[in-house]
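Peer 1: Can you keep this structure in mind? I'll have questions shortly.
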Amino acid sequence: APKREYLLLDYRGANNCVAVITLNRPKALNALSDPLMQELNCTIAEAEAQPNVAAIVITGSEKAFAAGADIKQMQTRNFVQVYKDNFLSGWDRVSSSPRVVIAAVNGYALGGGCELAMMADIILAGEKAKFGQPEINLGTIPGAGGTQRLVRAIGKSRAMQLCLTGEMINAKQACDWGLVSAVYPPDQLVDEAVKLGEKIASKSKVALQICKEAINKSYDLSLTEGLRVEKQLFYSTFATNDRKEGMTAFVEKREPRFTDS
Ligand code: CAA
């Protein structure tokens, strides 16, 4: 197995259907350095390549999911360097995974950490989680989706307030505002995320991927265009064995056995 410095990978759930990636850079509260993000991208690719894996849980420690981009690494950089190197450009790998990605957030999810969580399909939070975009306190702004995904998640006024003040919100607030879908006791959070991943893994893999694609289109398209894409993707499920099996199983009053991968 490849040597990993900043994170752990293990497989859980029935048939190892859920990959759990644990960010593990405790000394820096899982600050997202370039090497850590490279490792994360490689590890996601490795998990996706496992035929049994239908869902990927990304988590951190009870203290921090991730406290943002690595400030010490950014401190001495200038415009030309970040521009030329296209800094942050490879950070959105999570958002294009064909698998279902669940962020299980305990502790701080700040700056790039909050942005990473928002790249997941579903966010679950521990009771002590804190979300925020504190870049403004550093004289900068979010650079990995915070000004875009947060608006879509919680609306303009709240996103403005978070990004302009740098203040944090707790798990309950994040849940009330729709940023996260559920809140659990910290020590149960990862188990709950794995359970959710297992439930999702029992569905047709190809249908999951098509469904994700349709929902993600709603971010980018007008309603008319989105509805058109949805219809085409819906029709495309009729080319799969799993659609046939799912409907046949219903009619025969039995559980479906999905086989498309
Ligand atoms: N980058 C680098 N190091 C970080 C870090 C970060 N984002 N966040 C924490 N650390 C380091 C601290 O420097 C400290 O290291 P030392 O022991 O070497 O001093 C260690 O982690 C522990 O942190 P604290 O002592 O600060 O812990 P705390 O419990 O007192 O505070 C905290 C926790 C409120 C999360 C605080 O660490 C903090 O404010 N962190 C920075 C949060 C932030 O501003 N994030 C945005 C980064 S910019 C960004 O993400 C840009 C983008 O859009 C991609």
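The values are calculated or read from the model by the stated rules, or taken from the named source; none is laboratory data. Just so it is clear, the model here is predicted, and its values are computed rather than measured. Reconstructed Cβ throughout: ideal geometry from the backbone, glycine too, with neighbour counts over all protein chains shown. The protein model used for the area step is the full one, side chains on, heavy atoms only, and it has no ligands, DNA or RNA in it. Shrake-Rupley method; radii C 1.70, N 1.55, O 1.52, S 1.80 Å.
Peer 1: Any idea how many residues of the stretch 152-180 are within 19 Å of the chain's Cα centre (by Cα) and within 14 Å of the ligand (Cβ to nearest atom)?
Peer 2: The qualifying residues number 3.
Peer 1: For the stretch 4-58, what are the residues that are polar (S, T, N, Q) and not in a helix (DSSP H, G or I)?
Peer 2: The first filter runs over the stretch 4-58 and keeps only residues polar (S, T, N, Q), leaving 15-16, 22, 24, 30, 33, 38, 41, 43, 50, 52.
If the condition is that a residue be polar (S, T, N, Q) and not in a helix (DSSP H, G or I), then Thr22, Asn24, Asn30, Ser33, Gln50, Asn52 are the ones that fit.
Peer 1: Within the set of pairs 6 or more residues apart or between chains, which connect a residue that is outside the structural domain of Ala28 (by TED's automatic domain parsing) inside the stretch 60-85 to a residue that is at pLDDT below 95 and near the ligand (Cβ under 8 Å from one of its atoms) with Cβ atoms less than 9 Å apart?
Peer 2: Sorted first by the residue in the stretch 60-85, then by its partner, the list stays empty.
Peer 1: May I ask you to say which residue of Ile210, Ile215, Ile200 is under 30 Å from Leu150 (Cβ atoms) and in contact with a Ser or Thr (Cβ under 7 Å, 6 or more places away or on another chain)?
Peer 2: Ile210 is the lone residue from the list that is under 30 Å from Leu150 (Cβ atoms) and in contact with a Ser or Thr (Cβ under 7 Å, 6 or more places away or on another chain).
Peer 1: Does Ile44 count as over 23 Å from Glu135 (Cα atoms), within 17 Å of the chain's Cα centre (by Cα) and among the β-branched types (Val, Ile, Thr)?
Peer 2: Yes: the conditions hold for Ile44.
Peer 1: Right, here's the next one. Go through the stretch 88-139 and give me each residue that's open to solvent by 10 Å² or more (accessible area, probe 1.4 Å), under 24 Å from Leu164 (Cβ atoms) and not hydrophobic (A, V, I, L, M, F, W, C).
Peer 2: Those that are open to solvent by 10 Å² or more (accessible area, probe 1.4 Å), under 24 Å from Leu164 (Cβ atoms) and not hydrophobic (A, V, I, L, M, F, W, C): Asp92, Tyr108, Lys130, Pro134, Glu135, Asn137, Gly139.
Peer 1: Please specify each residue of the stretch 53-77 satisfying the condition of being open to solvent by 10 Å² or more (accessible area, probe 1.4 Å) and among the hydrophobic types (A, V, I, L, M, F, W, C).
Peer 2: Here is the first cut: in the stretch 53-77, the ones open to solvent by 10 Å² or more (accessible area, probe 1.4 Å) are 60-63, 67, 69-77.
Correct list: Ala67, Ala69, Ile71, Met74.
Peer 1: Residues of the stretch 238-261 being of a type in the set (Asp, Glu) and open to solvent by less than 90 Å² (accessible area, probe 1.4 Å), which ones?
Peer 2: Asp242, Glu245, Asp260
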